[in-house]
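Okay, so here's the structure we're looking at.
The values are calculated or read from the model by the stated rules, or taken from the named source; none is laboratory data. Just so it is clear, the structure is predicted and the values come from calculations on it, not from any experiment. In this analysis, Cβ positions are derived from the backbone assuming ideal geometry, glycine residues included, and neighbour counts consider all displayed protein chains.
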Amino acid sequence: MRFAAVSRYDRATMKKLILAVLAALLPASGRAQIRVITPSVMPLQGPTAPIGTSLGAPSLGAPALAPVLLPAPGVSLETAPLRLVLAGPPGAGKSTQGKRLSAEMGLPHIVASDLLREYAKTDPAVLETMNRGELVNPELIIALVKERLSRKDLQKGFILDGFPRRLAEAEALQKMAPQIAVDAVIFLNVPDAELLRRIAARGRPDDTEAIFKARLATYRSVTMPAIERLAKDVPLLTPDAASSDIDAGYANVRKALDEFISKR
Ligand code: AMP
């Protein structure tokens, strides 16, 4: 019963109650030093600041000294969001590196082909296109990415993997700015021979040698121009991801990104 009654009080009332009890308990000489501070609701200034209420003040609850919490020198309270596009030829390791980067940096990993696979549950023709190694219709992937980027979980940024892949997609992405302006493009640099080796080891439906070669050709003629278009406005990081040792490739990705972040 007692608890129920107390919980009905608001913060200000509770503060007054505490102050009144303290005032009754402490000798007059100690009162001037007592202040109740509520950092979580602390405005920097303003007549209604319900903080720093001094027992020595003429009326209880009147604004008094409002302590301001400043960050220690060199410590920033806010970190700028990091919005990355992860690009590279088929088999470059976008998915593997993207997953790890996402886990380490705490950024959502948005994978274009995952969005498409989810959509394909209601439209199997989309999966057939993907399995043939062809790009899906740009309107569809643009709409899916746009919807995903409009959700509320991207305050810290994101890693956008496999988008854009066409000029129209790159232009659409840039039109989605400024709310989701991309900060950098990470392009995984891997020579063809290593790509072929990885693809052969993967065994996806679109990983046969013939389909892979077609995907690589599409990559060169259609996707590279889209990345180049994006890179006109956005810094392009090109870590060497050629090593068959995933950790070594990741170390290069991380190094390139850390350098970029330190110069921002
Ligand atoms: P990925 O897993 O990134 O290799 O993509 C697998 C397949 O999904 C591609 O071969 C395309 O069929 C489709 N796809 C993924 N991203 C895109 C995109 N941005 N535009 C068009 N098709 C895409």
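Here are some notes:
- Residue count for the stretch 177-195 under the criterion of being surrounded by fewer than 16 Cβ atoms within 10 Å (Cβ to Cβ) and hydrophobic (A, V, I, L, M, F, W, C): the result is 3.
- Which numbered condition A231 misses (of (1) free of Cβ contacts under 8 Å to residues at least 40 places away in the same chain; (2) of a type in the set (A, V, I, L, M); (3) touching a strand residue (DSSP E or B) at 6+ places or on another chain (Cβ under 7 Å)): (1)
- Verdict on E194 being among the charged types (D, E, K, R), under 15 Å from I227 (Cα atoms) and out of contact with any strand residue (DSSP E or B) (no Cβ under 7 Å at 6 or more places or on another chain): no
Okay, residues lined up against (1) at pLDDT 95 or above; (2) not acidic (D, E):
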| site | (1), (2) |
| --- | --- |
| A125 | yes, yes |
| T129 | yes, yes |
| E134 | yes, no |
| N137 | yes, yes |
| L154 | no, yes |
| L160 | yes, yes |
| F163 | yes, yes |
| L167 | yes, yes |
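- Output for the stretch 174-186, where each listed residue is modelled with pLDDT under 95 and not in a loop (DSSP other than H, G, I, E, B): Q174, K175
- Test: F212 is touching a residue at least 12 places away in the same chain (Cβ under 8 Å), at negative phi and either among the polar types (S, T, N, Q) or within 9 Å of the ligand (Cβ to nearest atom) (or both): no
- Per the conditions (1) within 15 Å of the ligand (Cβ to nearest atom); (2) modelled with pLDDT of 90 or more, the sole criterion not satisfied by N189 is (1).
- Of all residues in the stretch 115-170 being charged (D, E, K, R) and in a helix (DSSP H, G or I), the one that is nearest to the ligand (Cβ to nearest atom): E169
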